[in-house]
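The values are calculated or read from the model by the stated rules, or taken from the named source; none is laboratory data. These figures come from a predicted structure and were not determined experimentally. Please note: Cβ atoms are built from the backbone with ideal geometry, for glycine as well, and neighbour counts cover all protein chains shown. For accessibility, only protein heavy atoms count, side chains too; no ligands or nucleic acids. Shrake-Rupley method; radii C 1.70, N 1.55, O 1.52, S 1.80 Å.
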Amino acid sequence: MVSVPSSRKQRISWAFYDWANSAFATTVMAGFFPLFFAQYWAGGLAPGERTFWLGVASSVSSIVVMIMAPLLGGLADRRGYKKCFLFATTLLGALSTGAMYWVAKGDWTTALLLFTLASIGFFAGTSFYDSLIVNVSSQADMDRTSALGYGLGYLGGGLLFALNVFMFQKPQAFGLASGADAILLSFLMVGFWWLLFSLPLFRNVPEQPQPVAAGGDWQQLKDTFRLILTMKPVLYFLGAYWLYIDAVDTIIRMAVDYGVKLGFDPGALIKALLLVQFLGFPAAVAYGWLADRFGTKTMLYVAIGIYVGVTCWAYTLQTEAQFYWMAAAIATVQGGIQSLSRSYYAKLIPPDQAGQFFGFYNMLGKFAAVLGPIVVGQTALLVDNQRLPILTLLPFFVIGAWLLSRVEGPETRR
């Protein structure tokens, strides 16, 4: 990889976009929207119908991003449009999120439309944001830069979510009439937060068009796909990433539901989510430094190993206190495995085609948590045991680690 001249200011400005958009992931996606949609906007629908329409919204946003991310990534590479596309998707996501503040009770169709648009903005923007890491970071400091981004994301998303939860619990302290008003205001706050803290990236991160081969957008997309098929390190890594990150995302999405099935108090589960956010900040940053000392791939193995242990531990889980300890263990590796996967992939790909290559990377990310929940859900239907299905995630980690062992590292290739 070509050394990229960059400054500490540029790296921090890039990382602050994680601080900006993680508010949507935490407060809206993981926190308030599913619950508020069911109880406020779609309260008149049958539970099965609510679940169906939420699934439709998730599928539509995923399909749109999977189609557009690689295609627009190639265009962004050739024209120097990464920041332009990131700005457009940021506006789409932040404005759609903020607009939920004005959606009336019972108007579930408008709420769902805005959530779908906001999700498209969030996930599509992540692809362009990830690809900009090659503009601010050399190979030597890429692990630390990526880890800083995820760390700031956990901290920023956690701070705003903690404030929003407090607003919901004590609305009168903020001059609000009810918890519903507090949640509506939290959506507006997320939109403003997202726009405000993305400004350092647009102001300070450099970008120049790259001299890539001429040709139509679809032709470039096909050429990149063919190139990936010939690059064994990239191909093996994408296979490994798809499997282990599928299992990671399944645990993230199903942890609260798993706790509810075990009879734990919902309030305790929200506190565990906050615990993950705040412990995730120092842990993600530490992983960047540890990767410098022991190697990126080594630390990915460590993270996968801890997840294997947590998965086995979840099978024997008995108390809420144990759930807190398990959340703390997950927090030590969740940001690390995400950030080091991003930086390791960035070291394997051609920097002048980062937009299109990260389009494929994030396309796989959207496929993640598809196969895992299906396997867990099908197992739950076949066995009369609420704990056993979680163990079906173990092969995802084991096979993912094996494929990762097949990846020839960037230092060896160079």
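Please work out if ALA88 is surrounded by fewer than 23 Cβ atoms within 10 Å (Cβ to Cβ) and aliphatic (A, V, I, L, M). Steps first, answer last, please.
Working: surrounded by fewer than 23 Cβ atoms within 10 Å (Cβ to Cβ): yes; aliphatic (A, V, I, L, M): yes.
For ALA88, the condition - surrounded by fewer than 23 Cβ atoms within 10 Å (Cβ to Cβ) and aliphatic (A, V, I, L, M) - is met.
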Review point. Which pairs do you get when a residue that is closer than 30 Å to LYS82 by Cα, found in the range 98-125, comes within reach of a residue that is hydroxyl-bearing (Ser, Thr, Tyr) and modelled with pLDDT under 90, reach meaning Cβ atoms under 8 angstrom, with the pair 6+ apart or on two chains?
Key: THR116/SER61; SER119/SER58; SER119/SER61; ILE120/SER61; PHE123/SER61; PHE123/SER62
Practice item. Would you confirm whether any residue within the range 101-111 is at pLDDT 85 or above and open to solvent by less than 40 Å² (accessible area, probe 1.4 Å)? Key: yes
Check your understanding: Do we find a residue being open to solvent by 20 Å² or more (accessible area, probe 1.4 Å), modelled with pLDDT of 80 or more and out of contact with any strand residue (DSSP E or B) (no Cβ under 9 Å at 6 or more places or on another chain) anywhere in the range 257-264?
Key -> no
Practice item. Those residues that are out of contact with any Gly (no Cβ under 8 Å at 6 or more places or on another chain) and in contact (Cβ under 8 Å) with a residue 60 or more places away in the chain, I need them from the range 160-188; list them, please. Key: LEU160, ALA162, ALA180, ILE183, LEU184, LEU185, SER186
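Would you mind stating whether VAL165 is touching a Ser or Thr at 6+ places or on another chain (Cβ under 8 Å) and either at pLDDT 90 or above or not in a loop (DSSP other than H, G, I, E, B) (or both)? Steps first, answer last, please.
Values: touching a Ser or Thr at 6+ places or on another chain (Cβ under 8 Å): no; either at pLDDT 90 or above or not in a loop (DSSP other than H, G, I, E, B) (or both): yes.
No: the conditions fail for VAL165.
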**Study point:** Condition check for PRO200: modelled with pLDDT of 85 or more and open to solvent by 30 Å² or more (accessible area, probe 1.4 Å)
**Key:** yes
Point to revise | SER7 at pLDDT 75 or above, open to solvent by 30 Å² or more (accessible area, probe 1.4 Å), of a type in the set (Gly, Ala, Ser) and closer than 15 Å to GLU207 by Cβ | key: yes
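Residue-wise test of (1) acidic (Asp, Glu); (2) within 20 Å of the chain's Cα centre (by Cα).
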site: LEU273; (1), (2): no, yes
site: VAL276; (1), (2): no, yes
site: GLY280; (1), (2): no, yes
site: ALA286; (1), (2): no, yes
site: PHE294; (1), (2): no, no
site: TYR315; (1), (2): no, no
site: GLU320; (1), (2): yes, no
site: ALA331; (1), (2): no, yes
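How many residues are of a type in the set (Val, Ile, Thr), surrounded by fewer than 19 Cβ atoms within 10 Å (Cβ to Cβ) and closer than 30 Å to GLN386 by Cβ if we restrict to the range 273-301?
Kept after step one, since they are of a type in the set (Val, Ile, Thr), are these residues of the range 273-301: 276, 285, 296, 298.
Keeping just the survivors that are surrounded by fewer than 19 Cβ atoms within 10 Å (Cβ to Cβ) gives 298.
Pick out the ones that are also closer than 30 Å to GLN386 by Cβ and you get none.
Qualifying residue count for the region: 0.
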**Study point:** For PHE237: the one exception among (1) closer than 23 Å to TYR361 by Cα; (2) modelled with pLDDT under 90; (3) buried (at least 20 other Cβ atoms within 10 Å of the Cβ)
**Key:** (2)
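Looking at ASP246, ASP181, ASP217, which one is charged (D, E, K, R), at pLDDT 80 or above and either more than 25 Å from SER343 (Cβ to Cβ) or over 23 Å from the mean Cα position of the chain (by Cα) (or both)?
After applying the criteria, what remains is ASP181.
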Review point. Out of contact with any Gly (no Cβ under 7 Å at 6 or more places or on another chain), closer than 25 Å to LEU54 by Cβ and open to solvent by 20 Å² or more (accessible area, probe 1.4 Å) - does that describe any residue in the range 137-159?
Key: no
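Quick test for you: out of VAL376, VAL398, pick the one residue that is at pLDDT 80 or above, in a helix (DSSP H, G or I) and not aromatic (Phe, Trp, Tyr).
Working: VAL376 fails: at pLDDT 80 or above.
After ruling out the rest, the residue left standing is VAL398.
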